[in-house]
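The values are calculated or read from the model by the stated rules, or taken from the named source; none is laboratory data. Remember, it's a predicted structure, so these values are computed and weren't measured experimentally. Here the Cβ is made from the backbone with ideal geometry for all residues, glycine too, and neighbour counts use every protein chain on show. Ligands, DNA and RNA are stripped out before the accessible areas are found, and what is left, the full protein with its side chains, is counted by its heavy atoms. Shrake-Rupley method; radii C 1.70, N 1.55, O 1.52, S 1.80 Å.
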Amino acid sequence: MKRNPWSWIPTLYFAEGLPYVVVMTVAVIMYKRFGLSNTEIALYTSWLYLPWVIKPFWSPFVDILKTKRWWIVTMQLLIGAGMAGVAFTLPTPFYLQASLAFFWLMAFSSATNDIASDGFYMLALDDSQQSFFVGIRSTFYRLAMITGQGLLVILAGGLEKSTGNVPFAWSITFFILAGLFIAFFVYHKFILPRPASDTGKSATTPSEVAKEFGRTFTSFFSKKGIGLAIAFILIYRLAEAMLVKMASPFLLDAREVGGLGLSTQQVGIVYGSVGVIALTVGGIIGGIVASRKGLKYWLWPMALSITLPNAAYVFLSMYMPESFFWINVAVGIEQLGYGFGFTAYMLYLIYFSQGEHKTAHYSICTGFMALGMMLPGMAAGWIQEQLGYQNFFIFVMIAVIPTLLLIPFMKVDKDFGKAKKETFKSPEGEFVDEAN
């Protein structure tokens, strides 16, 4: 039975984005409300990037074993189980160890679900449908970010206020999330189509799989300019990797220790709603302008865009405005710049992945991308506690220098990323769409 893509693409990509934002961002806010130090929060939650770092090593097995459909519904069930596990353990004395174990389960399940969902998208849709729905899937992924960083945090903050019990409030929030993912599991089990090409069978022997796996990695590390490319992937977001770990703790911490003293609900609004919307707008603008002039033209402006707006946090830490409006403006500017500048990063990953094994090479690039967030993030909490918030954000601005020093050495084809001229047939004859 053929399914209308509208019946499953929105829910599939909402379910792909939500656990990622829960593990990467919501966990930071939750542990801060539980009273953990910034050093502990940054170290523990940065380790949760690891599944996305090593994802390329097990992604081939998602192709070989079972079907993409099976992997999707199974991983969504495991994600729901992980969220239920967090909900059950938060009110206990051993909540930290237990919740981190369940977050690990969620992280590995979420990374595997990413592989399966993206593969299923390509199997279940033809080329024209893939092009049409690429914006839809991105929109619902962004909605998942707004739901996670915004609505869920606002909900938890409201429950904290009404019950006066932080563990109970977050436990209820995660029970709701668990129920949502059980619903996704049931819905997708019945609604996801069954493409004929999604067989999960492979005639290739294990030894041949291992050889091809080795060839893929060898060809990646044999690419021209591999050292510079890896340096760029690891360093481009160096400052942002540290900033993103300390942004929520800074907003939540009391003014006596240099924070802005916002409530959980206010953080949900400023960072999870206004911030994510600004991030999305920046990404959309970045995509539009990059398609007109190409990556090479926009590389410098975008590198400056992702680095210099971090100064918004220097401003917030120095002047500590009490106006919620100006806090929103500052965070919005930083996230707008991040979204715009991130476009160059993603385009470069696509550019460097070109070639015979482009899908596998792109997956390896995303692994290095996650490593570039994981390692600086692990140290961010300790650095902040040594320096204090104001000096930490000044340190973050110093950390943008390696990125700016690297940009002049990057070599990119002049026309890469530009929208190509298209020739169409019309009743009157041919005409060219310049794709401005």
(request) Evaluate E = 1/(1 + (r/R0)^6) for Ser263 and Trp58, where r is the Cβ-Cβ distance and R0 equals 45 Å; express this FRET efficiency to the nearest 0.05. (result) 0.65
(message) Suppose a student asked you for the relative contact order of the chain, using Cα pairs under 8 Å spaced at least 6 residues apart; what percent would you report?
(response) 24
(request) Roll a 1.4 Å probe over the protein chains and send me the accessible area per residue for the chain in Å². (result) 45
(request) With a length cut of 30 Å (Cα positions projected on each helix's long axis) and a Kyte-Doolittle mean of at least 0.0, go through the chain and give me the DSSP H helices that pass. (result) 68-89, 95-124, 166-191, 324-353, 358-387
(request) Just report the Cα centroid separation between region 352-410 and region 151-168, whole Å. (result) 33
(message) Multiplying the sequence separation of Lys223 and Met318 by 0.36 nm and subtracting their Cα-Cα distance, what value in nm do you get?
(response) 29.7 nm
(message) Give me a comma-separated list of calculated 3J(HN,Hα) values for region 260-265, in order, Karplus coefficients 6.51, -1.76, 1.60 applied at θ = phi - 60°, integers in Hz, x for any Gly or Pro.
(response) 9, x, 6, 7, 4, 4
(message) How large a share of the accessible area of region 1-142, in percent, is made up of carbon and sulfur atoms when the probe is 1.4 Å and the other protein chains stay in place?
(response) 68
(message) List the chymotrypsin sites (Phe, Trp or Tyr not before Pro) within region 81-183 that DSSP assigns to loop and that have no more than 10 neighbouring Cβ atoms inside 10 Å.
(response) Phe94
(request) Over region 215-353, with every protein chain in place, what whole percent of the accessible area is carbon and sulfur at 1.4 Å, could you tell me? (result) 71
(message) Taking a ≥ b ≥ c as the square roots of the Cα gyration tensor eigenvalues, with a/c under 1.5 meaning rounded and otherwise prolate when a/b beats b/c, else oblate, which class fits the chain?
(response) oblate
(message) Given the -39500 (n - 2.57) contribution per DSSP H run of 4+ residues, what per-residue ellipticity at 222 nm results for the chain, rounded to the nearest 500 deg cm²/dmol?
(response) -24000 deg cm²/dmol
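Within 10 Å of each candidate Cβ there may be at most 10 other Cβ atoms; applying that plus a DSSP loop requirement, which trypsin sites (Lys or Arg not before Pro) in region 72-178 survive?
Sparse-neighbourhood loop trypsin sites (Lys or Arg not before Pro): none present.
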